[in-house]
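Here the structure comes first, spelled out in C-alpha cells, and everything after it is commentary.
Just so it is clear, none of the values below were taken in a lab; they were calculated from the coordinates. Model, not experiment: these values are computed from the prediction. FYI the Cβ positions are ideal-geometry reconstructions off the backbone, even for glycines, and counts take in every protein chain you see.
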Amino acid sequence: MRPAFSVIFFTTLIGAGQGLFVALYTVEAAGRLGAVPLQSGRFHGLGGAFALALLAAGLVASFFHLGRPERSWRAVAMWRTSWLSREVIVLPTFIAAVALWCWVLGHAPQAMAATLMLSIAGLALSALLWHCTAMIYASLRFIAEWAHPLTGIGFTLIGVASGLVLCSALAALAGEVQLLRAAGPAAAAATAAALATRALALHRNDRLVPRSTLQTATGITAPRVVQLSMGMSAGSFNTREFFHGVSARGLAAVRLVGLGLGFVLPLALMAWALARGATWLWLAAPLVQLPGLLADRWLFYAHARHPHNLYYQVVS
C-alpha cells in the first residue's frame with residue numbers, strides 16, 4: 001500500500017497523546033494512593049498541555065487526508081457499520097475529556113469525585129479510540145498483514161510506550177526525581193513490550209503467503225501465467241495508490257530506522273539513564289523515538305500487500 005503521511009502523523013501523534021494521558025492519570029492516581037510522591041501542579045499542567053497539543057496536532061494532520069475537508073462532518077454518518085466513523089466520534093470526545101481532566105486538576109484538585117469520573121471516562125475513551133483505530137485496518141480481511149490481533153495490540157502498546165517515555169521526560173524536566181524512578185522503568189518495560197510485539201508482527205508478515213494468485217486475479221486458468229505488461233503504457237490511479245514504489249532495499253532500510261530509532265535506541269538511552277542517573281538522557285529518548293515511530297508506522301502501511309497488485313504487479 002502507499003502510505004499517506006497525514007495518516008502516519010495522525011495515528012502516531014494521537015497514539016502518543018493517548019499514552020501520555022494514561023501515564024499522567026496513572027502517576028496522579030498513584031500519588032493520591034501514596035505509592036509515589038504527589039506531583040506538583042506544574043508537572044500536571046505541563047503534561048496535560050503536551051497531551052492536548054499532541055492530540056490537536058494529530059487531529060489537524062487528519063484533515064490533510066480529506067479530499068473535501070469542509071465535508072468532514074459527514075464522516076460520522078456511517079457510525080453503525082464504519083470503524084472510521086466511530087473513530088471520528090470518539091476522538092473529539094476523548095480530547096474534551098482530557099481537557100476537562102486537566103482543567104479540574106489545575107483549578108479544583110480537591111474535587112476528587114469529578115477527577116475520578118473524568119479519569120474513568122478518559123481511560124475508557126482512550127481504550128475505545130485505540131480499538132477503533134486498529135479495527136479500521138484489522139477488519140480488512142483481504143489484507144492479511146493487518147487482519148490479525150497483533151494490529152490492535154501493537155497500536156495500543158506503541159501508544160502506551162511513547163506516552164510513558166514522554167511522561168518520564170516531562171518528570172525529568174519538572175524535577176520530579178522520585179516520580180522518574182517509578183515512571184522510568186515502566187517506560188522501558190512498555191517500550192520493550194512494544195518492540196517484541198512489532199518484531200513478532202513483522203516476522204509473521206514476512207512469512208505470509210498471498211491467498212490470491214495471478215490466475216485468480218486475472219481469471220486465466222492456465223497453470224503457468226507470466227505477466228509481461230500491466231496493460232497500459234503508463235501508471236494510473238490504481239498503480240499509484242496501491243503500491244508505495246520503494247525497492248526491497250529501501251523497505252529494509254526503513255525497517256532498520258523504525259525499529260532502531262523507535263525502540264532499540266530509546267531503550268538503550270533509558271537503560272543508561274537508569275544506570276547513571278543522567279537526567280538529560282530522558283529528554284533525548286522521546287526526541288529519538290518520534291522519528292523512529294513515524295518510520296515504523298510508514299512501514300506498517302507499506303508492508304501491506306493489496307491483492308490488487310497481483311493484477312497490475314508493482315508498476316508505479
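Points to keep in mind about this one:
- Calculated mean residue ellipticity at 222 nm for the chain: -24000 deg cm²/dmol, from DSSP H runs with n ≥ 4 weighted as -39500 (n - 2.57), summed, divided by the residue count and rounded to 500.
- Note, ³J(HN,Hα) from phi for region 269-275, Karplus 6.51, -1.76, 1.60, rounded to Hz, x at Gly and Pro: 5, 5, 5, 5, 5, 5, 7
- Each Cα pair under 8 Å and six or more residues apart adds its sequence gap; the mean of these over the residue count of region 80-238 is a relative contact order of 17 percent.
- In terms of its C-alpha gyration tensor, the chain has a prolate overall shape, because the principal axis ratio a/c (a ≥ b ≥ c, square roots of the eigenvalues) is not below 1.5 and a/b outweighs b/c.
- Annotation: amide H-H contacts under 5 Å for residue 36 (H modelled 1.01 Å from N, sequence separation of 5 or more, or interchain): 31.
- Kirkwood radius for region 140-184, taken over all pairs of different Cα atoms as the inverse mean of 1/r, rounds to 12.3 Å.
- Over the chain, relative contact order from alpha-carbon pairs under 8 Å, at least 6 apart, %: 24
- Here the chain is treated with +1 on each Lys and Arg Cβ and -1 on each Asp and Glu Cβ, and its dipole about the Cα centre works out to around 660 debye.
- Charge dipole of the chain about the Cα centre (unit charges at C-beta), most positive-ward option of 61, 147, 266: 147
- Looking at region 1-92, the chymotrypsin sites (Phe, Trp or Tyr not before Pro) that sit in a DSSP loop and have at most 16 other Cβ atoms within 10 Å of their own Cβ are 64, 79.
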